[in-house]
Amino acid sequence: MLAPFEYEGTPTRGYLDTATFGLPPHSTLAAVEEAVASWRGRGSWLRWEEDGEACRELFARIVGAKPGEIAFVAAASVAAGIVAASLPAAAGDNVVLYERDFDSVMFPWRPLAERGVELRLLPLERLAEGIDERTALVALSLVQSADGRVADLEALKAAGTRLFLDGTQAVGGFSFDLEGIDYLVAHSYKWLLSPRGLAFLYVRPERLGEITPWLAGWKSRANPFDDFYGAPSLAEDAHRLDVSIPWFSAPGARASLSLIADLGVDAIAAHDLALARAFAAGLGLSEPASPIVRVQVEGADDAVERLRKAGVSCSSRSGSIRFAFHLYNDEHDVALALEALAPSRVFDAES
């Protein structure tokens, strides 16, 4: 376990469901409780806004960006919708998508079909093959929610077309290089261990001018705290895409993001992946590329019930059982899940 001081007394044993939501560190819970107490005590909202700005800086540090390249959004689908609505694509152009991606990554691009834009739905391993001179953008999850698979990111980057990634199942627990990515969105309530409500959108500076700030509000102007009226000029950087932040999520997110940044994503990713690979090896499965492991078993309902009785939290996804390993897990969690699955006949989904 990494950062055990943040989880002493927390029921982390057997919690292998970070892909659904992350467990909060002690400092995060304390920050949220303090914010709520401040609300009741008529505290200043500006302090919560300061927490939000600190979150912007921390997220930028975690992904390797600059704070001015990060916007606040409400959800991953919102970010995809803004990009889709602004995409300079005409009839005959195409957008390449993974055919079984998470719905929030796929739905926002569907209205483009009404403009005559082709939506090319392809297997994950064939996305690069679908790119041609009329491809306006490729959109996918960096790590797949259902099974933890990872596309050939370098091949997609090499194609030179716009690349939109949903990093919600990656940022905070998976190492990657931001270079060559045009848009990266990540919600913070999974691998970033934060209260739900605060998401971040990275936009490569060269692409910022392509995006119409459809959702611009009071935070989208230059120097938003100087005045709130008259709709002057928008900020020159990604702040122009900001929406209002959830005040009581921001203090908790600040604490969680601070922990992730201080521990270092590379160290966390190595820890998480080692546990996932030990688990997969114990089941005779192919080596996973991410901390999410998909397990197909005969008699899945019985297996899930045994896991539940053993105190293992996991999820059923696409006819399989999904396990996710993060910084509060250790080899004892691996052993607990393996013991519960021992009576089951396991199939390798990759074979």
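Numbers for the structure displayed
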| item | result |
| --- | --- |
| Where a residue in segment 12-34 is closer than 18 Å to G167 by Cα and without any contact (Cβ under 8 Å) to a residue 24 or more places away in the chain and its partner, wherever it lies, is surrounded by 21 or more Cβ atoms within 10 Å (Cβ to Cβ) and not acidic (D, E), with Cβ under 6 Å and at least six apart | none |
| Meets criteria (open to solvent by 10 Å² or more (accessible area, probe 1.4 Å) and within 13 Å of the chain's Cα centre (by Cα)) for F164 | no |
| Scan of segment 296-351 for residues that are under 26 Å from the mean Cα position of the chain (by Cα) and of a type in the set (S, T, Y), ordered by number | S313, S315, S316, S318, S320, Y328 |
| The one condition in (1) over 20 Å from the mean Cα position of the chain (by Cα); (2) open to solvent by less than 20 Å² (accessible area, probe 1.4 Å); (3) over 30 Å from R317 (Cβ atoms) that R56 fails to fulfil | (1) |
| Complete set of residues in segment 3-30 that are in a helix (DSSP H, G or I) and surrounded by 14 or more Cβ atoms within 10 Å (Cβ to Cβ) | E6, H26, S27, T28, L29, A30 |
| Condition check for F102: open to solvent by 20 Å² or more (accessible area, probe 1.4 Å) and out of contact with any helix residue (DSSP H, G or I) (no Cβ under 8 Å at 6 or more places or on another chain) | yes |
| Some residue of segment 283-304 being surrounded by 18 or more Cβ atoms within 10 Å (Cβ to Cβ), under 14 Å from G148 (Cβ atoms) and among the small types (G, A, S) | yes |
| All positions within segment 225-243 that are open to solvent by 20 Å² or more (accessible area, probe 1.4 Å) and in contact with a helix residue (DSSP H, G or I) (Cβ under 6 Å, 6 or more places away or on another chain) | F228, L234, D237, R240 |
| Selected residue [open to solvent by less than 10 Å² (accessible area, probe 1.4 Å), among the hydrophobic types (A, V, I, L, M, F, W, C), over 30 Å from L215 (Cα atoms) and touching a residue at least 60 places away in the same chain (Cβ under 8 Å)] from I268, I260 | I268 |
| Top-ranked residue in segment 31-53 [being part of a helix (DSSP H, G or I) and basic (K, R); ranked as most open to solvent (accessible area, probe 1.4 Å)] | R40 |
| The one condition in (1) in contact with an Asp or Glu (Cβ under 9 Å, 6 or more places away or on another chain); (2) of a type in the set (K, R); (3) more than 16 Å from P288 (Cβ to Cβ) that R126 fails to fulfil | (1) |
| Enumeration of residues in segment 111-149 that are over 26 Å from R322 (Cβ atoms) and open to solvent by less than 20 Å² (accessible area, probe 1.4 Å) | L112, V117, G130, T135, A136, L137 |
| Residue list for segment 192-224, filter: in contact with a Gly (Cβ under 7 Å, 6 or more places away or on another chain) and open to solvent by 20 Å² or more (accessible area, probe 1.4 Å) | P195 |
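One line per residue, one yes/no per condition, for (1) touching a residue at least 40 places away in the same chain (Cβ under 8 Å); (2) among the β-branched types (V, I, T):
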| residue | (1), (2) |
| --- | --- |
| A90 | no, no |
| D101 | yes, no |
| A113 | no, no |
| L140 | yes, no |
| V143 | yes, yes |
| A146 | yes, no |
| K157 | no, no |
| R162 | yes, no |
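The values are calculated or read from the model by the stated rules, or taken from the named source; none is laboratory data. All of these numbers come straight from a predicted model, not from anything done at the bench. Using ideal geometry, Cβ is built from the backbone for each residue, glycine included, and neighbour counts are taken over all protein chains shown. To get the accessible areas, we keep the full protein, side chains included, count just its heavy atoms, and leave off ligands, DNA and RNA. Shrake-Rupley method; radii C 1.70, N 1.55, O 1.52, S 1.80 Å.
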